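Notes follow once the structure below has been shown.
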Amino acid sequence: MKCQYCDKPATFHITELTEPDGPKVLHLCEHHARNVLQKGEPTPVSSVAGALAKQLQLGQTKEELRKLDQKECPVCGITFFEFRNSGRLGCPLDYDHFEADLKPLLINIHDSLEHTGKRPTRAAATADSQVDLIRLRKEMEVAVEREEYERASELRDQINAIQGEPKRRGNAT
Amino acid sequence: MKEATDLSVLAKNSGEWLRGTGPESDIVISSRIRLARNLAGFPFIRKCSPDDREKIQRQVRSRLENLPEWDEIPYVDITTLSEVDRQFLVERQLISREIADSEGSRAVAIDPSEQYSVMINEEDHLRIQVMHSGLDLISAWEQIDRIDDAIEGEVLYAFHSKFGYLTACPTNVGTGLRVSVMLHLPGLVITQQIEKVFRSMQRINVTVRGLYGEGSQYTGDFYQVSNQVTLGHTEKELLEMVGHEVVPRIIDYERKAREFLIEKGQQDLHDDVSRALGILSTARKISSEETMHYLSKVRMGVNLGLIDDVQLATINKLFIHTQPAHLQKLHGRVLTTSDRNVERASYLQRHLCGPADRADELN
């Protein structure tokens, strides 16, 4: 990841908690980080999204970017443009749907594409079942709104069947 | 879990993480670990309908209630809280500013000792946090790992075989782990050696974050060091990077800076910290920033043995208890900035004046 002010590598990642509009994340080189942290210079308004967007734009033509921005997740409906602007994804499926597009960002941020840490001991839901769950919930909301309670209860049963019963465990702390 | 609506009891006490003990507690205030988790089958928060948020909150709450040790854990519905109460929980570091200021169904479950809390519907569906006093990452990790396992036994997490725990922001994906160590570095600030620290960390991907102040001003002397990377390393590797590689090096620099200050002119240093204590003990009105500035000097003075009648735990608590929302909670009513400055000075006097400090009054 490059510094937001120059082309040097961003080795400092500063989260300002005090901005009136909420937390702001800065990605800066040593020089610019020192300016912000030590001299108390005004904090530039930026975000993860901005930094990510900058990285993306460096590697793509305008036309390619325009097409990419229109790409939309079939489950949550988020567009890549919306993601680039907010820095937040819309649903778990986005990691699959935008996988190829997210890879450069993930490499940039983490220098890795492979999780090597802890895994849930419960069998994780498959991508398909996660998509099904989101869709079923949406359908259930509509059924309730239309007062189709029989349909809603069928949908609820389907949701419960996918989710399964929680595993009983020992102590929390 | 019990519904908690009155936070006054919390205001009078202080979390265990402020007790000023634990390894390296003269420099390390606290060790915090948080895990970001999302439930499978729901959109991330950005795309959640109000109904989704409500369902997530209800589901998490009911599932947490299945856990035997969670009976007595206070559960706070953030939507019902006043502005001051929300700010109070932010100052207490029990919730983030993001969840305090957001809209819609959201809540937090808080362990009475304040060692851990679970935010529901923050940027991710779940944000689990554990905070310990001093440099204590291993036991903080063991505790949060147990909590995570227990919750995971009750709910289905959004997990990807390749990308790990899926999070709303790609900066958290993988482990969802953020290790944060809060450091008090007045020696490096005074000697302007903080640049050396920056240089030493140049090739290590860590985040440096300032402790919040009342306004939008960066509050000097406190630095929070966290891992930036969350994907591609195990949790233990990330803990080691922050806890064994980065933080000890900074601690070493800070100790050397303090030694230098003492050698260079103990009288000057002693004068400086004594004046700071004098102002805090006698001022009739004082701002939050000024308080933080002088408390920082006094804290260093206590650690260097230049002030011997004030306890570290007292200073740690005063940093938090003199914040705006805390003052208002302790006073029992909403105060203007000007009234807060008067109340803050009075509060400081009550706890710093006299032959011995009055740490007991804070408990």
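See the values below:
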item: Test: residue in the range B:22-35 that is touching a Gly at 6+ places or on another chain (Cβ under 9 Å) and within 14 Å of chain A (Cβ to nearest Cβ); result: yes
item: Residue list for the range B:218-276, restricted to those being part of a helix (DSSP H, G or I), open to solvent by 20 Å² or more (accessible area, probe 1.4 Å) and within 30 Å of residue A:109 (Cα to Cα); result: B:236, B:237, B:240, B:241, B:244, B:245, B:248, B:249, B:252, B:253
item: Selection within the range B:277-288 - among the β-branched types (Val, Ile, Thr) and loosely packed, with under 15 Cβ neighbours inside 10 Å; result: B:282
item: Selection within the range B:62-84 - within 26 Å of residue B:143 (Cβ to Cβ) and away from chain A (no Cβ under 14 Å); result: B:74, B:76, B:77, B:78
item: Matching residues, the range A:129-166, being away from chain B (no Cβ under 11 Å), in contact with a Lys or Arg (Cβ under 8 Å, 6 or more places away or on another chain) and outside any helix (DSSP H, G or I); result: none
item: Residue identified as within 10 Å of another protein chain (Cβ to nearest Cβ), of a type in the set (S, T, N, Q) and either buried (at least 17 other Cβ atoms within 10 Å of the Cβ) or outside any helix (DSSP H, G or I) (or both) among B:93, B:59, B:87; result: B:59
item: Residue, nearest to the other protein chains (Cβ to nearest Cβ), within the range B:38-56, restricted to residues that are out of contact with any helix residue (DSSP H, G or I) (no Cβ under 7 Å at 6 or more places or on another chain) and basic (Lys, Arg); result: B:47
item: Among the residues listed as B:142, B:123, B:154, the single one being over 15 Å from residue B:37 (Cα atoms) and among the acidic types (Asp, Glu); result: B:142
item: Residue within the range A:96-108 that is under 13 Å from the mean Cα position of the chain (by Cα), at the interface with chain B (Cβ under 9 Å from one of its Cβ atoms), in contact (Cβ under 8 Å) with a residue 24 or more places away in the chain and open to solvent by 30 Å² or more (accessible area, probe 1.4 Å) present; result: yes
item: The range B:138-196, subset hydroxyl-bearing (Ser, Thr, Tyr) and closer than 24 Å to residue A:33 by Cβ, residue nearest to the chain's Cα centre (by Cα); result: B:180
item: The range B:62-81, subset of a type in the set (Val, Ile, Thr) and farther than 14 Å from residue B:118 by Cα, residue least open to solvent (accessible area, probe 1.4 Å); result: B:79
item: Residues within the range B:140-193 that are without any contact (Cβ under 8 Å) to a residue 40 or more places away in the chain, farther than 30 Å from residue B:304 by Cα, at the interface with chain A (Cβ under 10 Å from one of its Cβ atoms) and out of contact with any Pro (no Cβ under 8 Å at 6 or more places or on another chain), tallied; result: 7
item: Enumeration of residues in the range B:111-135 that are touching a Phe, Trp or Tyr at 6+ places or on another chain (Cβ under 8 Å) and open to solvent by less than 20 Å² (accessible area, probe 1.4 Å); result: B:114, B:124, B:125, B:128, B:129, B:130, B:131, B:132, B:133
item: Members of the range A:66-95 found to be part of a helix (DSSP H, G or I), more than 7 Å from chain B (Cβ to nearest Cβ) and either of a type in the set (Gly, Ala, Ser) or open to solvent by 10 Å² or more (accessible area, probe 1.4 Å) (or both), listed by number; result: A:66, A:67, A:68, A:69, A:70, A:81, A:82, A:84, A:85
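A quick yes/no check of all residues on (1) modelled with pLDDT of 95 or more; (2) closer than 27 Å to residue B:23 by Cα; (3) surrounded by 15 or more Cβ atoms within 10 Å (Cβ to Cβ):
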site: B:290; (1), (2), (3): no, no, yes
site: B:318; (1), (2), (3): no, yes, yes
site: B:324; (1), (2), (3): no, no, yes
site: B:337; (1), (2), (3): no, no, no
site: B:341; (1), (2), (3): yes, no, yes
site: B:345; (1), (2), (3): yes, no, yes
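The values are calculated or read from the model by the stated rules, or taken from the named source; none is laboratory data. All values reported here derive from a predicted model rather than from experimental measurement. Heads up, the Cβs are rebuilt from the backbone with ideal geometry, glycines too, and the neighbour counts pull from every protein chain shown. Please note that ligands, DNA and RNA were not included when accessible areas were found on the heavy atoms of the full protein model with its side chains. Shrake-Rupley method; radii C 1.70, N 1.55, O 1.52, S 1.80 Å.
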